[in-house]
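Participant: Mind looking over this structure? Questions follow.
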Amino acid sequence: MNDEDVARIRKEFDSFDKDNNGLIDLQEFVDMIASLYPKSDSSYIEGGFTLIDDNGDGLIDFEEFLRWWQDEDWED
């Protein structure tokens, strides 16, 4: 992954970080998933949040987001 890719992903992260605190909380994550996956089942959203939140602090930081973004299959 090059610097341009990271910058593009950072821009995506920042667009979902509505309060601009450098973190995505559960509500921001719910809004993000609704935007990315409009047909998603809401019962899985909190579980997905927990999986991405590697350190278990209840927030998704950019590094956690970046790892998730890289792992996602965005071709579907």
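Participant: I'd like to verify a number: residues in region 3-35 that are assigned to a loop (DSSP other than H, G, I, E, B) and over 14 Å from Trp69 (Cβ atoms), how many?
Facilitator: Counting residues in region 3-35 that are assigned to a loop (DSSP other than H, G, I, E, B) and over 14 Å from Trp69 (Cβ atoms) gives 7.
Participant: For Gln70, which of the numbered conditions (1) open to solvent by 80 Å² or more (accessible area, probe 1.4 Å); (2) at pLDDT 85 or above; (3) farther than 19 Å from Asp5 by Cα fails to hold?
Facilitator: (3)
Participant: List the pairs whose first member sits in region 38-58 and is under 17 Å from Trp69 (Cβ atoms) and touching a residue at least 12 places away in the same chain (Cβ under 8 Å), whose second member is open to solvent by less than 40 Å² (accessible area, probe 1.4 Å) and of a type in the set (D, E, K, R), and whose Cβ atoms are under 8 Å apart, counting only residues at least 6 apart or on separate chains?
Facilitator: Qualifying pairs under 8 Å: Ile52/Glu64; Asp54/Glu64.
Participant: Select from region 37-66 the residues that are open to solvent by 50 Å² or more (accessible area, probe 1.4 Å) and in a helix (DSSP H, G or I) and list them in ascending order.
Facilitator: Hits for region 37-66 are Ser42, Ser43, Tyr44, Glu46, Thr50, Leu51, Glu63.
The values are calculated or read from the model by the stated rules, or taken from the named source; none is laboratory data. This is a predicted model, so every value here is computed, not measured. Don't worry about glycine lacking a Cβ; one is built from the backbone with ideal geometry, like all the others, and counts go over all protein chains shown. To get the accessible areas, we keep the full protein, side chains included, count just its heavy atoms, and leave off ligands, DNA and RNA. Shrake-Rupley method; radii C 1.70, N 1.55, O 1.52, S 1.80 Å.
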